[in-house]
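A.B. asks: Pasting in a structure now, in structure tokens, and then I'll have a few things to ask.
The values are calculated or read from the model by the stated rules, or taken from the named source; none is laboratory data. Small disclaimer: the values here were computed from a predicted structure and weren't measured. A quick note on method: Cβ atoms are made from the backbone with ideal geometry, for glycine too, and the neighbour counts reach across all protein chains shown.
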């Protein structure tokens, strides 16, 4: 207690001293204090948010890097590092200007050369970025502060793609790092974001330390989502890695940590009863459980067998098994998750009747299923995946399908799902994961929405019409126009069945009551604006 | 004696080579692809293949092994596939918590267990003896993590006497350091207490039945405390042996205890590394544990000469 | 080192009720351990007669407390914990017994060869030292995590680190017996090596190995539960006590019965095996106490 008080004092006075001799700093950061201890959903394993698309690394990115655009609370893109931008009348030339006061934590200013290099490296790794780049003629730095994107043909999503929160996000790095081969990890982690990464006090696998940057200049607008002014009110934020959720819960209750991102839903009621703890849903679109079917091998190379899976699944029981409390989950028939602008009910009659095991049995028979084993990749160390795989296997067995669980940890599943060979030769038929609802609502941003065969995401669905419609969606104007195309995509998708959704849930976070100012935004948890009262 | 130690150290090197080859083969021959894990959920198979190539995981195994082994010989355990941090640095950061937990557990276990063992032996056949020995068998039979959760539930959540989890470096004060080690030490020490108490009791009983003690007793010269002192000294050899064997048990228990109490030690480092297939870390830590095991057993063997003058090398 | 212990004769079936009673009084731990084990085995094997389906899941009925319908309650997937605890006995015993059987047989062969042939000895014992230096639990985690989880892989993974301990034990017995006059006499009279090993050396290893096998069995059951706890054990749909505890650890507060029953079962069976082991050791080979 004494220690943290003293630290607060020291930092407080330093901030004051800074304000005296550099007027910029006065605006930069409010007086604040203390250390915020948090437990996030996973261990931060790699630090380069472009090289790996792991969500936790995107969180890490949001601490130390800034973005050109950012989504606000209502999921609308707002300029962040950009001060102003314009698009030519032919919709082919976008001109952007960087705002004043942007600097990297090593003291160097952010220039448009840094930005151009960062966009190029990101686009090499990002599905939506690639989609955009197919239409880009040139990206160039006009001068220190201005950069231009020139297109071959009009593309409606330029700003959306740059602002999206699904991984990898477009974080701006120094040109030196951004020139790194996109398949290799950068080794210096210097950004222009509101925090710096304190590598000396970071203990890989145990704690990751971020210190407030006193020379970061936030925007003037109030913080909203990832947009607006990123005013850091704590001196330090620590991501602690507590693997065991029982232990993390106990630590939160005992006040040893301040913030717990993913308390198990089954135990939420315990936390809700605790007078010192607030339980709150930050990400309203939540996550969608996701079953991928392998298009390359029988039986799921046959559309009838894939349709059978739609009829077999009862989302309710998948949700119930892991999340227990119906307050936090719902069933959702839309291919674009529920609560997103693209949610719709096209071609969802099957959903009204599901589960319909008899129909599923017939469809498997029509697909010519001959009793061959169906390999389900089963990750044991992640509750939802663990439970869902067991239920799928059970329900398949009940209709006479020879389901086999291939059990390993998630690391094993990730390895094996990349194998294109037949299940008997180390491949697979079914694996289970989940995706963020906001990403699922975007036919371009989510890599798994592609149906471009072997070049696409695991499961390798292939459907020409689907691909045409996705392109059409990207060109569509306005949300109305997009929704119309989205309906067509879904109409077609629930015929050829690229995958099956297993239900949607929101994951509340829990934090100590003395914490205030937690921002609500899907997919990322920002730690600016938070203070201790 | 010196020649013996040198010979033993020589065979230690041989053992380490065997461990190194074995672990390397085990990791690299089994399925599991760090590139697929590191690339994240949104990466495509083609991107994964490119990352794998850049990480050198496509090179022939003998080349990969030589690359690693030549580093190890020069004291370089390589870098983490994921974070790019040197393995030696990662282990260094994690060593203090593990060593602390191991030492407190050893002290706790030996003190409690020898006390139990002596009481039981001195009152052999009594109710106290049976109760203590029954308790020690029980200590063997309940898994570490069950004990751990019970302790957290009672002492941290209900009574709020002790912290739930984590580790405070000893540099930040003795009590803050010790406070967080109490529950893990008890949880981990249980099985150990059981093991050592049983051995202490058995060897005490054997010594107590030996002739010179009987003679002393018959002559009426020896008081009970004196007897115990004699007996305990002679019982030292088997007790030390058990400690040597128990180190292996302890290392296994450390892995679980560190998970339950969220102690950022070497055990958790390696379990994390296994789940993400971070080969250099797994190899490094297993080498380290093996070396510790072999060296501790060497120390145990040497300590025999002090405990029992009859033993000479 | 031990020769064939005469006391082992007493282990043969007592002929009368009085004999049985005398045996019980003299060997309370053996009888207690064996009785518990026997009861558990009987329950495990007869499980299909009176327990429900341990695999069938009904998430709508999850986390129900013990009741007339579900004697031990249900787990988070709505599975019957009574059925799972009973079937769990099958798997836990299977793991314990198989590990004991495999490690004893493999260790016995290697140990006999190493003890008898000096040249084999040098190589084998270094290998064994290496294997023994790797922490058992890490080796097992790595083996299970890196290959595919199944009961068989778990058995193999727990067996491998146990083998060197058995080898050492057997070898020390062999080294002790090899110099014994009757063995030397047999060698001198030109008896075939195989015959010497089987006739004269093998019998001496039996008593210590029986004792050792009980400890291996108990520790295998515990290690299986630890592996499950760390997420690298038997597949979660297979009911083992370790699995059940590991998957239910979240519910220690709200649904303690999910942990209570498998926890008690686990402790009881390990206790029984340990008691049996202790009793057998005292009976068969008191000196073993010092070597363990």
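A.B. asks: Condition check: surrounded by fewer than 22 Cβ atoms within 10 Å (Cβ to Cβ) and either within 7 Å of another protein chain (Cβ to nearest Cβ) or free of Cβ contacts under 8 Å to residues at least 24 places away in the same chain (or both). Does residue B:2 satisfy that?
C.D. replies: Here the answer is yes, as residue B:2 does meet what is asked.
A.B. asks: Looking at segment C:155-171, can you tell me whether even one residue there is within 14 Å of chain A (Cβ to nearest Cβ) and more than 27 Å from residue C:39 (Cα to Cα)?
C.D. replies: yes
A.B. asks: Going by what's in this entry, would residue B:255 be described as at pLDDT 65 or above, buried (at least 18 other Cβ atoms within 10 Å of the Cβ) and within 14 Å of chain A (Cβ to nearest Cβ)?
C.D. replies: yes
A.B. asks: Okay, moving on. Check segment A:208-228 and report whether any residue there is without any contact (Cβ under 8 Å) to a residue 40 or more places away in the chain, at the interface with chain B (Cβ under 9 Å from one of its Cβ atoms) and in a loop (DSSP other than H, G, I, E, B).
C.D. replies: no
A.B. asks: Please determine, by comparing only the residues of segment B:50-64 that are assigned to a loop (DSSP other than H, G, I, E, B) and over 19 Å from residue A:426 (Cβ atoms), which one is farthest from the other protein chains (Cβ to nearest Cβ).
C.D. replies: B:60
A.B. asks: Considering only segment A:318-336, state which residues are surrounded by fewer than 23 Cβ atoms within 10 Å (Cβ to Cβ) and either at the interface with chain C (Cβ under 10 Å from one of its Cβ atoms) or out of contact with any helix residue (DSSP H, G or I) (no Cβ under 7 Å at 6 or more places or on another chain) (or both).
C.D. replies: Residues satisfying the conditions are A:324, A:326, A:327, A:330.
A.B. asks: If you go through segment A:96-110, how many residues are within 11 Å of residue A:192 (Cα to Cα) and crowded, with 18+ Cβ neighbours inside 10 Å?
C.D. replies: 4
A.B. asks: Return the only residue of B:67, B:94 being facing chain A (nearest Cβ under 9 Å), at pLDDT 80 or above and either part of a helix (DSSP H, G or I) or crowded, with 18+ Cβ neighbours inside 10 Å (or both).
C.D. replies: Details: B:67 fails: facing chain A (nearest Cβ under 9 Å).
Answer to the check: B:94.
A.B. asks: Quick one: would you say residue C:137 is closer than 25 Å to residue B:252 by Cβ and either touching a strand residue (DSSP E or B) at 6+ places or on another chain (Cβ under 8 Å) or in a helix (DSSP H, G or I) (or both)?
C.D. replies: Yes.
A.B. asks: Would you mind stating whether residue B:88 is closer than 29 Å to residue A:46 by Cβ and more than 10 Å from every other protein chain (Cβ to nearest Cβ)?
C.D. replies: Yes: the conditions hold for residue B:88.
A.B. asks: So if I check each of A:381, A:344, which one is more than 26 Å from residue A:333 (Cα to Cα), in a loop (DSSP other than H, G, I, E, B) and touching a helix residue (DSSP H, G or I) at 6+ places or on another chain (Cβ under 7 Å)?
C.D. replies: Of A:381, A:344, the one residue that is more than 26 Å from residue A:333 (Cα to Cα), in a loop (DSSP other than H, G, I, E, B) and touching a helix residue (DSSP H, G or I) at 6+ places or on another chain (Cβ under 7 Å) is A:381.
A.B. asks: Suppose we filter C:110, C:158, C:91 for residues that are surrounded by fewer than 24 Cβ atoms within 10 Å (Cβ to Cβ), in contact with a helix residue (DSSP H, G or I) (Cβ under 8 Å, 6 or more places away or on another chain) and over 22 Å from residue A:389 (Cα atoms); which single one remains?
C.D. replies: C:110
A.B. asks: Only one of A:354, A:367, A:346, A:360 is buried (at least 16 other Cβ atoms within 10 Å of the Cβ), more than 15 Å from residue A:437 (Cβ to Cβ) and modelled with pLDDT under 90; which?
C.D. replies: Result: A:354 is the single residue among A:354, A:367, A:346, A:360 that is buried (at least 16 other Cβ atoms within 10 Å of the Cβ), more than 15 Å from residue A:437 (Cβ to Cβ) and modelled with pLDDT under 90.
A.B. asks: For residue A:400, all conditions in the list (1) in a helix (DSSP H, G or I); (2) farther than 30 Å from residue A:508 by Cα hold save one; what is the number of the exception?
C.D. replies: Result: residue A:400 passes all but (1).
A.B. asks: Any residue at all in segment C:28-44 that's away from chain A (no Cβ under 14 Å) and not in a helix (DSSP H, G or I)?
C.D. replies: At the first step, the residues of segment C:28-44 found to be away from chain A (no Cβ under 14 Å) are C:28-44.
From the residues that got through so far, the ones that are not in a helix (DSSP H, G or I) too are none.
Within segment C:28-44, not a single residue is away from chain A (no Cβ under 14 Å) and not in a helix (DSSP H, G or I).
A.B. asks: If a residue has to be touching a strand residue (DSSP E or B) at 6+ places or on another chain (Cβ under 6 Å), part of a helix (DSSP H, G or I) and more than 9 Å from chain B (Cβ to nearest Cβ) to count, how many in segment A:410-432 make the cut?
C.D. replies: Total satisfying the criteria: 2.
A.B. asks: State the number of residues belonging to segment A:433-474 that are more than 14 Å from chain B (Cβ to nearest Cβ) and either touching a strand residue (DSSP E or B) at 6+ places or on another chain (Cβ under 7 Å) or part of a strand (DSSP E or B) (or both). Full working, then the answer.
C.D. replies: Initial filter on segment A:433-474 (more than 14 Å from chain B (Cβ to nearest Cβ)): A:437, A:441, A:443, A:462-474.
Right, trim to either touching a strand residue (DSSP E or B) at 6+ places or on another chain (Cβ under 7 Å) or part of a strand (DSSP E or B) (or both) and you get A:437, A:462, A:467.
Within segment A:433-474, residues that are more than 14 Å from chain B (Cβ to nearest Cβ) and either touching a strand residue (DSSP E or B) at 6+ places or on another chain (Cβ under 7 Å) or part of a strand (DSSP E or B) (or both) number 3.
A.B. asks: Still on this structure: What about residue A:253, is it modelled with pLDDT under 90 and more than 14 Å from every other protein chain (Cβ to nearest Cβ)?
C.D. replies: Numbers: modelled with pLDDT under 90: yes; more than 14 Å from every other protein chain (Cβ to nearest Cβ): no.
Judged against the criteria, residue A:253 is not a match.
A.B. asks: Going by what's in this entry, would residue B:100 be described as under 30 Å from residue B:275 (Cα atoms), in a helix (DSSP H, G or I) and free of Cβ contacts under 8 Å to residues at least 12 places away in the same chain?
C.D. replies: no
A.B. asks: If you take the residues in segment B:30-49 that are in a helix (DSSP H, G or I) and closer than 19 Å to residue B:270 by Cβ, which one is farthest from the other protein chains (Cβ to nearest Cβ)?
C.D. replies: B:34
A.B. asks: Now a separate question. Hey, among the residues in segment C:143-154 that are assigned to a helix (DSSP H, G or I) and without any contact (Cβ under 8 Å) to a residue 12 or more places away in the chain, which one's nearest to the other protein chains (Cβ to nearest Cβ)?
C.D. replies: Here the answer is C:146.
A.B. asks: With C:140, C:100 as the choices, which residue is within 22 Å of residue C:243 (Cβ to Cβ), modelled with pLDDT under 90 and surrounded by 21 or more Cβ atoms within 10 Å (Cβ to Cβ)?
C.D. replies: On the way: C:100 fails: modelled with pLDDT under 90.
The unique qualifying residue is C:140.
A.B. asks: Right, something else. Just to be sure before I move on: is residue B:14 facing another protein chain (nearest Cβ under 9 Å), within 25 Å of residue A:408 (Cβ to Cβ) and in a helix (DSSP H, G or I) in the structure I sent?
C.D. replies: No; evaluated as a whole, the condition is false for this residue.
A.B. asks: If you check A:117, A:141, which single one turns out to be surrounded by 20 or more Cβ atoms within 10 Å (Cβ to Cβ) and on the phi < 0 side of the Ramachandran plot?
C.D. replies: After ruling out the rest, the residue left standing is A:117.
A.B. asks: Among the residues of segment B:279-287, are any in contact with a strand residue (DSSP E or B) (Cβ under 7 Å, 6 or more places away or on another chain) and modelled with pLDDT of 70 or more?
C.D. replies: yes
A.B. asks: For segment B:146-175, what are the residues that are surrounded by 14 or more Cβ atoms within 10 Å (Cβ to Cβ), in a helix (DSSP H, G or I) and more than 10 Å from chain A (Cβ to nearest Cβ)?
C.D. replies: B:146, B:147, B:150, B:151, B:155, B:170
A.B. asks: A further question on this structure: Can you name every residue in segment A:378-399 that is out of contact with any strand residue (DSSP E or B) (no Cβ under 8 Å at 6 or more places or on another chain), more than 7 Å from chain C (Cβ to nearest Cβ) and modelled with pLDDT under 90?
C.D. replies: Matches in segment A:378-399: A:382, A:383.
A.B. asks: Further question: Looking at C:258, C:234, C:240, which one is within 12 Å of chain A (Cβ to nearest Cβ), modelled with pLDDT of 85 or more and buried (at least 24 other Cβ atoms within 10 Å of the Cβ)?
C.D. replies: The unique qualifying residue is C:258.
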